[in-house]
Amino acid sequence: MRTIERRRRRADLITQALTYQLLACCEDGEMQAMVIADADGLPLASSGDRHACDEVAASMVHIGARTPAFTGTLLGNGQRWDVEMTKILVDGNPLVVCAVGGSAEQRRRQVARGARGTLRILGAA
């Protein structure tokens, strides 16, 4: 049986592999941005609009501390971002995976895909 390789880019560095994962999600889902952030709100990897990634990471970590998922609109500094967030645990440490822009359905799909990819990439490390 033949294996189908879907990955178009490969990386030896974990952060680069995560960035490639988010880039693929952004491209496929027509997202403005995607970001993975740690419990302090610091982006571990991101793709797309850098300002949106930084703002969403810093805000979503506070929401992620109270709930495992969020769908809604984030407002700040004259900006408005439609956001989907899910919280995942890697070795007991919480991370948030967030998508910005695109349709609600695409945000949901790409966050789920990004979360699976993050767990796969970090699990292989």
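The values are calculated or read from the model by the stated rules, or taken from the named source; none is laboratory data. Please read these numbers as outputs of a predicted model, since none were measured by experiment. A quick note on method: Cβ atoms are made from the backbone with ideal geometry, for glycine too, and the neighbour counts reach across all protein chains shown. What goes into the accessible areas is simple: the full protein's heavy atoms, side chains included, and nothing from ligands, DNA or RNA. Shrake-Rupley method; radii C 1.70, N 1.55, O 1.52, S 1.80 Å.
Looking only at segment 53-65, decide whether some residue is under 25 Å from Leu13 (Cα atoms) and over 14 Å from the mean Cα position of the chain (by Cα).
Checking segment 53-65: not a single residue is under 25 Å from Leu13 (Cα atoms) and over 14 Å from the mean Cα position of the chain (by Cα).
Which of the residues that make up segment 70-119 are among the polar types (S, T, N, Q) and closer than 21 Å to Thr15 by Cβ?
If we filter segment 70-119 for residues that are among the polar types (S, T, N, Q), which is where we start, we get 71, 73, 77, 79, 86, 93, 103, 106, 110, 118.
Hits for segment 70-119 are Thr86, Asn93, Gln110, Thr118.
Consider segment 97-125. How many of its residues are without any contact (Cβ under 8 Å) to a residue 12 or more places away in the chain and within 13 Å of the chain's Cα centre (by Cα)?
1
State which residue is surrounded by the fewest Cβ atoms within 10 Å (Cβ to Cβ) when the search covers only segment 68-84 and only residues that are closer than 17 Å to Gly114 by Cβ and among the β-branched types (Val, Ile, Thr). Show your work before the answer.
Taking segment 68-84 first, the residues closer than 17 Å to Gly114 by Cβ are 68-71, 81-84.
Within this subset, residues satisfying the condition of being among the β-branched types (Val, Ile, Thr) are 71, 83.
Values: Thr71: 14, Val83: 25.
Looking at the filtered set, the residue picked out is Thr71.
Can you name the condition, by its number, that Pro94 falls short on among (1) part of a helix (DSSP H, G or I); (2) open to solvent by less than 60 Å² (accessible area, probe 1.4 Å)?
Here Pro94 meets the rest and fails (1).
Among the residues that make up segment 43-61, is at least one of them of a type in the set (Gly, Ala, Ser), out of contact with any strand residue (DSSP E or B) (no Cβ under 7 Å at 6 or more places or on another chain) and either open to solvent by 50 Å² or more (accessible area, probe 1.4 Å) or assigned to a loop (DSSP other than H, G, I, E, B) (or both)? Show your work before the answer.
The initial filter retains those residues of segment 43-61 that are of a type in the set (Gly, Ala, Ser), namely 45-48, 52, 57-59.
Among the residues that remain, those that are also out of contact with any strand residue (DSSP E or B) (no Cβ under 7 Å at 6 or more places or on another chain) are: 58.
Of the ones still in play, those that are also either open to solvent by 50 Å² or more (accessible area, probe 1.4 Å) or assigned to a loop (DSSP other than H, G, I, E, B) (or both) are none.
No, every residue in segment 43-61 fails to be of a type in the set (Gly, Ala, Ser), out of contact with any strand residue (DSSP E or B) (no Cβ under 7 Å at 6 or more places or on another chain) and either open to solvent by 50 Å² or more (accessible area, probe 1.4 Å) or assigned to a loop (DSSP other than H, G, I, E, B) (or both).
What's the number of the condition Arg80 fails, among (1) part of a strand (DSSP E or B); (2) in contact with a Pro (Cβ under 9 Å, 6 or more places away or on another chain)?
(2)
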